[in-house]
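S.K.: Dropping a structure here in structure tokens format, bear with me for questions.
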Amino acid sequence: MVDLETLLYSMTELACDLTRSAMCCVVLYEPETDLLKYIAGPVGQRDNFLNIRIPLDNTIEGSVYRDAKPIIIDNCPADNRFDWRTVKQLSPELRNIIVVPLLFRGETIGVFEGINKIDQEQFSFEDLTILEILSSQAATAILSNLLFDEVRQAYQEVDELEKMKSNFIAITSHELRTPIGLILGHATFLNDFSTDPQIQTQLEVIIRNAERLKSILEDLTKVNEIQLGTSNVRHKLISINQIIYRCAEHKMPSARAKDISFLIKLPEKDLFVDADEEKIALVINNLVDNAIVFSNKGCHIQLTAEQIGNYVQVSIADNGIGIPAKDLPHIFDRFFQVQSHLTRKHGGLGLGLSVAKSMVELHKGQIWAESIEGKGSRFSFILPRTNISRSEGSTAPFTT
């Protein structure tokens, strides 16, 4: 890719050849100083003209810049309208000059000028047309370069923010994991030995909220690992049936607290996939958690799995509050929350579904959601049944 400076120097040389000028220059407006500055011109005078600044008042360049109209002056020494001292720093024997505005989408960003027509000739309308065409191309190149630099800088800033966020998540997760583990361990120990119903009730509140904090930390850690590319898939042959049964058993207390029932429909024979058991369990747990959170008292949640070709499809459906149609395309986005009032009511960081999506995609699978507001939602994902060689057994049915 040709850099901007090289391109503009080439354009000034071309302008000199086409208009038979002794020199041609590109001049750009500098907002910081409210002056015009030379950015391209004769290669031999580069160090000289790059330090020159041109006032907007009483100069031909300033006049063309402000009025956005080209000017041709055939006899500069006899023209008293402009201060020629700046131009004479480049060409002491200034005879004639042609200046056209640099226009980009109706905005003037500078000027393009030709100085001293060769062989004592005068600049013509044809020269004016040539410079206007070249100035249009130069303006496009300059603005494109500026926009490219802005975008590149924005990406660099985003990268820095991502690094800061990743470091914060890593440090926070590390510092909080130990105290939360201690709280859970001691609260569980005391709950096992306590016979006072009131104390047990209070301990259960501590345990439930500590587990919630632990779950949030795990989601943050998973998101950070995915972003850093350090999340590895440890493949082995796993039973989807058993993962679903274990998940339902683990989530049963939370479901019963809201009078929510589980309905599990699985084939008699185990459905095996070659996958990371911990990560697939996390997907199902997060989807069931989501269904419990967004289901009202007395609702039911259905967990199903089936083989479709060389894939296994798992679905978690509920008859809860559903998802607004406008929010459905964004529910797998990181930190996305469905409406502010739901955020306040149900809590969470909006990471569960994002983590589930990332875990499924790590296994070359797909995940999607269907929902009707007020009637419920259905989350489904598929996993490829690659390298399945073990004979498929069966598991005992789960009952609530």
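S.K.: One residue is enough: does the stretch 42-55 have a residue meeting the conditions closer than 24 Å to R105 by Cα and among the small types (G, A, S)?
M.R.: no
S.K.: Here is a list of conditions, (1) part of a strand (DSSP E or B); (2) modelled with pLDDT of 90 or more, and I39 meets all of them except one; can you say which number that is?
M.R.: All conditions are met except number (2).
Conditions (1) without any contact (Cβ under 8 Å) to a residue 24 or more places away in the chain; (2) within 14 Å of E113 (Cβ to Cβ); (3) touching a Gly at 6+ places or on another chain (Cβ under 8 Å), marked per residue:
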residue	(1), (2), (3)
D17	yes, no, no
A22	no, yes, no
N48	no, no, no
D57	yes, no, no
G62	no, yes, no
I71	no, yes, no
D74	no, no, no
R81	yes, no, no
P92	yes, no, no
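S.K.: Could you figure out which of (1) within 30 Å of L220 (Cβ to Cβ); (2) hydroxyl-bearing (S, T, Y); (3) surrounded by 15 or more Cβ atoms within 10 Å (Cβ to Cβ) isn't true of T172?
M.R.: (3)
S.K.: Something else: If you go through the stretch 47-69 one residue at a time, do you hit one that is assigned to a strand (DSSP E or B) and more than 26 Å from E121 (Cα to Cα)?
M.R.: Yes: the stretch 47-69 contains one or more residues that are assigned to a strand (DSSP E or B) and more than 26 Å from E121 (Cα to Cα).
Yes/no per residue for (1) surrounded by 16 or more Cβ atoms within 10 Å (Cβ to Cβ); (2) part of a loop (DSSP other than H, G, I, E, B); (3) at pLDDT 90 or above; (4) not polar (S, T, N, Q):
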| position | (1), (2), (3), (4) |
| --- | --- |
| V360 | yes, no, yes, yes |
| K364 | no, yes, yes, yes |
| S371 | yes, no, yes, no |
| S380 | yes, no, yes, no |
| S391 | no, yes, no, no |
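S.K.: Would you please name the residue that is most open to solvent (accessible area, probe 1.4 Å), looking only at residues in the stretch 68-92 that are of a type in the set (S, T, N, Q) and more than 53 Å from the chain's Cα centre (by Cα)?
M.R.: It comes out as N80.
S.K.: While we're here: Residue under question is K265, and the condition is that it be in contact (Cβ under 8 Å) with a residue 12 or more places away in the chain and in contact with a strand residue (DSSP E or B) (Cβ under 8 Å, 6 or more places away or on another chain); does it hold?
M.R.: Against the criterion (in contact (Cβ under 8 Å) with a residue 12 or more places away in the chain and in contact with a strand residue (DSSP E or B) (Cβ under 8 Å, 6 or more places away or on another chain)), K265 qualifies.
S.K.: Can you give me the number of residues within the stretch 227-271 that are open to solvent by less than 20 Å² (accessible area, probe 1.4 Å) and either under 30 Å from V205 (Cα atoms) or not in a loop (DSSP other than H, G, I, E, B) (or both)?
M.R.: Residues in the stretch 227-271 being open to solvent by less than 20 Å² (accessible area, probe 1.4 Å) and either under 30 Å from V205 (Cα atoms) or not in a loop (DSSP other than H, G, I, E, B) (or both): 12 in total.
S.K.: Now for a separate question. Could you list all residues from the stretch 1-14 that are outside any loop (DSSP other than H, G, I, E, B) and open to solvent by 30 Å² or more (accessible area, probe 1.4 Å)?
M.R.: Of everything in the stretch 1-14, those that are outside any loop (DSSP other than H, G, I, E, B) and open to solvent by 30 Å² or more (accessible area, probe 1.4 Å) turn out to be L4, E5, T6, L7, S10, E13, L14.
S.K.: It is to be established whether one or more residues within the stretch 128-145 are part of a loop (DSSP other than H, G, I, E, B), within 46 Å of the chain's Cα centre (by Cα) and surrounded by 15 or more Cβ atoms within 10 Å (Cβ to Cβ).
M.R.: Taking every residue of the stretch 128-145 in turn, none turns out to be part of a loop (DSSP other than H, G, I, E, B), within 46 Å of the chain's Cα centre (by Cα) and surrounded by 15 or more Cβ atoms within 10 Å (Cβ to Cβ).
S.K.: Can you spot a residue in the stretch 156-163 that is assigned to a helix (DSSP H, G or I), closer than 21 Å to L353 by Cα and open to solvent by 90 Å² or more (accessible area, probe 1.4 Å)?
M.R.: no
S.K.: Return the residues of the stretch 50-66 that are closer than 22 Å to Y9 by Cβ and aliphatic (A, V, I, L, M); say none if nothing qualifies.
M.R.: Those that are closer than 22 Å to Y9 by Cβ and aliphatic (A, V, I, L, M): L50, I52, I54, V64.
S.K.: On to the next question. Could you please find all residues in the stretch 15-34 being in a helix (DSSP H, G or I) and either within 19 Å of L146 (Cα to Cα) or open to solvent by 80 Å² or more (accessible area, probe 1.4 Å) (or both)?
M.R.: D17, L18 - these are the residues of the stretch 15-34 that are in a helix (DSSP H, G or I) and either within 19 Å of L146 (Cα to Cα) or open to solvent by 80 Å² or more (accessible area, probe 1.4 Å) (or both).
S.K.: Continuing with the same structure: Looking at the structure I just gave you, is S194 open to solvent by less than 80 Å² (accessible area, probe 1.4 Å), among the small types (G, A, S) and touching a residue at least 12 places away in the same chain (Cβ under 8 Å)?
M.R.: no
S.K.: Moving on to the next point. Of everything in the stretch 93-117 that's touching a helix residue (DSSP H, G or I) at 6+ places or on another chain (Cβ under 9 Å) and outside any strand (DSSP E or B), which residue is surrounded by the most Cβ atoms within 10 Å (Cβ to Cβ)?
M.R.: N96
The values are calculated or read from the model by the stated rules, or taken from the named source; none is laboratory data. Since the model is a prediction, treat every value here as computed from it, not as a measurement. All Cβ positions, glycine included, derive from the backbone under ideal geometry; neighbour counts span all protein chains shown. Side chains included, ligands, DNA and RNA excluded: accessible areas come from the protein's heavy atoms. Shrake-Rupley method; radii C 1.70, N 1.55, O 1.52, S 1.80 Å.
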